[in-house]
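What follows is a set of notes on a single structure, which appears directly below.
The values are calculated or read from the model by the stated rules, or taken from the named source; none is laboratory data. Values in this document were obtained by computation on a predicted structure and should not be read as measured data. Just so you know, the surface numbers come from the protein's heavy atoms only, side chains and all, with ligands and any DNA or RNA stripped out. Shrake-Rupley method; radii C 1.70, N 1.55, O 1.52, S 1.80 Å.
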Amino acid sequence: MRQTASNLLVLIGIGILLASIFLLWKRNDPGRLQFSGEYVSEVRVEDELAVPTGFVIKDIGIRLPVVPAEKRGDYWETTPDGVSYLLSSAKPGETGNSIFYGHNWGSVLGSLYRARVGQTVEVYFSDGSQKHFEISLIQEVKPDNISVLAQTEDRRITIYTCSGILDQNRFVVTAVLI
């Protein structure tokens, strides 16, 4: 009886260890932030004097540097050091949809789920200028719903991070220029 209980505890311990390793791997998988499907944009930021460098949502305590990123095939570049800005999307404040994304870690976009409609998102640029956007829509979508990344006729930014069990969804915040 005692041997059976000891063996059971060892098996449970091994199971917990394996589950922890799997979750750690999923948490640090650079591909987990990407959307599936064919996202294509013809927009390209050319003016390096006015690229986004900072990103702030004061109401929820997000204050991050912006790191330029590209999509190469199915791979979306990401950074652990801030929010990624997809260079092939519109420049923030210009006509179209500017895409920002980051990990759902506490040090990056982990508190994005606390965003509310009406809150302000500030984007700072390398030339010292800044633009303000008002959150107009919050939604959770599947990674194959790339419609949230589509270019638009208005001036918006789309911010997203992973959500759900094993990060199988995307938490998306849309804000329009004010």
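Summary of values
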quantity: Amide H within-cut-off set for residue 90, under 5 Å, with H built and near neighbours excluded; calculated: 97, 98, 99
quantity: Accessible-area ranking of 166, 8, largest first, probe 1.4 Å; calculated: 8, 166
quantity: Length gained when the stretch residue 75-residue 147 is fully extended (0.36 nm per residue, less Cα-Cα span); calculated: 24.1 nm
quantity: Net lengthening on full extension, residue 111/residue 11 (0.36 nm per residue, minus Cα-Cα); calculated: 32.4 nm
